């Protein structure tokens, strides 16, 4: 979607290395989310943000941290990547739940 | 127990068939979303509902707030409809709860 971009699209990294995924939006939406998608689990919330420097944990936040220093950018960091963090990561943005919800194209992360 | 349950998990249909995917939720919602994900692809929002019914082309989405149930219907299904369809319930706190998805395959 033109209003939200994720980078990188694909990444292979080694166990124990730090990894940062970036989500950038041009829609000026208040809410930003990071999800992971794994077979059999569907989409699970990692962290979300409801404003600049305002973030909160989701259901699978262990091993992940986030930062939002600007409205348009929401960073997801794996401080020390593990094989269990191999997944597809999606960023999403929303102004309010009633007005819609837009996903990025996803980042496929492989930890070897 | 998941806050959002979808059925069926997998569905195979012949081209032209009428398809129904069901979603039941247990949380109070401000809106319910239907999403579509093609194999290896991104996630696209199809519908956002807070009441009643919406139609877009061959796709129809309905919601019954009292019964906490929504359905996605596809009329005259086509192979290009093959995808995973995901139901997502948004509560008043802007939190989203996802079903695990229904994988649809439409055979020519």
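Of the strands (runs of 3 or more DSSP E) lying entirely inside the range B:1-76, those containing at least 3 residues that are without any contact (Cβ under 8 Å) to a residue 60 or more places away in the chain and within 11 Å of the chain's Cα centre (by Cα) span B:19-25, B:31-37, B:43-49, B:59-64, B:69-74.
Identify, please: which residue in the range A:26-37 is in contact with a strand residue (DSSP E or B) (Cβ under 9 Å, 6 or more places away or on another chain) and part of a loop (DSSP other than H, G, I, E, B) and is, among those, farthest from the other protein chains (Cβ to nearest Cβ)?
First, the residues of the range A:26-37 that are in contact with a strand residue (DSSP E or B) (Cβ under 9 Å, 6 or more places away or on another chain): A:26-27, A:29-37.
Going one step further and asking which of them are part of a loop (DSSP other than H, G, I, E, B), we end up with A:26-27, A:29-30.
Working: A:26: 17, A:27: 13, A:29: 11, A:30: 8 Å.
So, considering only residues that are in contact with a strand residue (DSSP E or B) (Cβ under 9 Å, 6 or more places away or on another chain) and part of a loop (DSSP other than H, G, I, E, B), the one farthest from the other protein chains (Cβ to nearest Cβ) is A:26.
Scanning the range A:38-56 for residues that are within 14 Å of residue B:94 (Cα to Cα) and either assigned to a loop (DSSP other than H, G, I, E, B) or touching a strand residue (DSSP E or B) at 6+ places or on another chain (Cβ under 7 Å) (or both) yields A:45, A:47, A:48, A:49, A:50, A:55, A:56.
Yes or no: residue A:88 under 20 Å from residue B:40 (Cβ atoms) and either touching a strand residue (DSSP E or B) at 6+ places or on another chain (Cβ under 9 Å) or at pLDDT below 95 (or both)? Yes, satisfied.
Among the residues making up the range B:78-108, those that are out of contact with any helix residue (DSSP H, G or I) (no Cβ under 8 Å at 6 or more places or on another chain), more than 18 Å from residue B:35 (Cβ to Cβ) and away from chain A (no Cβ under 14 Å) are B:78, B:79.
Considering the range B:26-54, and only residues there that are away from every other protein chain (no Cβ under 13 Å) and modelled with pLDDT under 95, the residue that is surrounded by the most Cβ atoms within 10 Å (Cβ to Cβ) turns out to be B:26.
The values are calculated or read from the model by the stated rules, or taken from the named source; none is laboratory data. Computed from a predicted structure; not experimentally measured. Cβ: placed from backbone, ideal geometry, glycine included. Neighbour counts: every protein chain shown.
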